[in-house]
Amino acid sequence: MVRTVLGDVPPEKLGVCDAHDHLFISTPALPGQALDDAEAALAELTAFAALGGGAVVQWTPWGMGPRADELPRLSRRSGVHVISATGMHQARHYDRGELERVRGRLAELFIRELTSAPVQAGMIKVAGAYHRLDDHARNVMAAAAEAHHATGAPIGVHLEAGTAALDTLDLLCRTHGVAPDRVILGHLTRFPDTRIHRQVAEAGAFLVFDGPSRAHQATDWRLLDSLAALADAGHAHQLLLGADTVTATARSGADGPGMPFLLAGLRPRIERELGTDLACAIFTGNPARAFAVRWRRP
Ligand SMILES: [Zn+2]
């Protein structure tokens, strides 16, 4: 079952999925740029639904303003399944006191958000550092692995600028015993090293590529080639796509392509250039498998 903000649903009910996005997010690292407008979030979801969108996975972790209490209403109003996240981002996205308060009980916190919070999370989000895993990342990933083993929840990884993918898999899978197909690596679009893409795919992880954004224009144009190379190498069943809108200006209602562009812009190109089977796998079949869990707790 996929754990959505309205309860567990069978994976085949998700439909067309934006596998990495944000309806709400705030961080001291981006002052004045918080996504905290519920009506703007609803407008974006509604625009996504109008194009056939069925599900959105919000990768906003604990402490970064995920507004989990708002998500059931937005899901009901838009008709879009919403999956929310627990977990923790890099230390720079928190104030020190807040981190201190939860130190040593992260796994417990993640498990509670996955299994007994009023609005339950369906995944655990963690983050690496640039080309390495710092102590904070290692601690958070250890707690995420513990919460994964207790619940079955998949682990989604913010790879900083797409880097440290192999180190992350080594830590989560080899050190902490997480099955590779329970790991979803994000932001590989931003580091289009085809050899590393191939190696993480061979290891068995899911790869979620990002939709276009101004910040990542330098690498965004390689998306279709990256998808094609991985599909040709036999990894079509491991590829996902998300718009990952993190600022208000990235939304379709403002100046950005936003969530709708995944379906109005990227999907037709993927269908035309890479085939409808691959498009269907990326938007529907793969996310259903990536986020489906045999939950070990209610
Ligand atoms: Zn994100």
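Over the chain, the Kirkwood radius and the radius of gyration, each from Cα atoms, give a ratio Rg/Rh of 0.93.
The candidates 70, 108, arranged from most to least accessible area with a 1.4 Å probe in the full protein assembly, appear as 108, 70. Note that the stretch 162-170 has calculated 3J(HN,Hα) couplings of x, 9, 6, 5, 6, 4, 5, 5, 4 Hz, one per residue in order, obtained from phi through the Karplus relation 6.51 cos²θ - 1.76 cosθ + 1.60 (θ = phi - 60°); glycine and proline are x. Solvent-accessible surface (1.4 Å probe) assigned to residue 133 amounts to roughly 20 Å².
The loop-placed trypsin sites (Lys or Arg not before Pro) in the stretch 247-298, going by DSSP, that have at most 14 neighbouring Cβ atoms within 10 Å of their Cβ come out as 294, 296. Working note: Karplus 6.51/-1.76/1.60 with θ = phi - 60° gives the stretch 21-30 the couplings 7, 9, 8, 9, 6, 8, 8, x, 6, 10 Hz, where Gly and Pro are set to x.
Amide H to amide H, with H built 1.01 Å from N, residue 127 comes under 5 Å of 158, counting only residues 5 or more places away or on other chains. Within the chain, the whole DSSP H helices whose Cα atoms reach 15 Å or more along their own axis and whose mean Kyte-Doolittle score is at least -0.5 are 38-50, 135-151. Only protein heavy atoms count here; under a 1.4 Å probe, residue 37 has an accessible surface of about 80 Å². About its Cα centre, the chain has a charge dipole of approximately 540 debye under the convention of +1 per Lys or Arg Cβ and -1 per Asp or Glu Cβ, with nothing else charged. In the chain, the portion of solvent-accessible area held by carbon and sulfur atoms comes to 51 percent [1.4 Å probe, whole percent, DNA, RNA and ligands not counted].
The accessible-area ordering, largest first, of the residues 17, 280, 173 stands as 280, 173, 17, per a 1.4 angstrom probe.
Under a model in which nothing but the beta-carbon of Lys, Arg (+1) and Asp, Glu (-1) is charged, the stretch 29-150 shows a dipole of about 200 debye around its Cα centre.
In this structure the amide hydrogen of residue 4, modeled in the peptide plane, comes within under 5 Å of the amide hydrogens of 9, none closer than 5 places in sequence on its chain. In the elastic network of the chain, a GNM with C-alpha springs shorter than 10 Å, the most mobile of 135, 21, 167 is 135.
Protein-only accessible surface at a 1.4 angstrom probe places the residues 84, 26 in the order 26, 84, largest first. Rolling a 1.4 Å probe across all protein chains gives residue 146 an accessible area of roughly 110 Å². Give the residue from 221, 176, 59 lying farthest towards the positive end of the charge dipole for the chain; charges sit on Cβ (+1 for Lys and Arg, -1 for Asp and Glu) and the dipole is referred to the Cα centre. Of the options given, the answer is 176. Per residue, the accessible area of the stretch 1-71 comes to 35 Å² when a 1.4 Å probe rolls over the protein heavy atoms. Over the residues of the chain, the helix contribution to mean residue ellipticity at 222 nm works out to -9500 deg cm²/dmol, using -39500 (n - 2.57) for each DSSP H run of at least 4.
The values are calculated or read from the model by the stated rules, or taken from the named source; none is laboratory data. Since we're looking at a predicted model, the values are computed, not measured. Glycine gets a Cβ as well: all are built from the backbone with ideal geometry, and neighbour counts include every protein chain shown. Note: areas computed on protein heavy atoms with side chains; ligands, DNA, RNA excluded. Shrake-Rupley method; radii C 1.70, N 1.55, O 1.52, S 1.80 Å.
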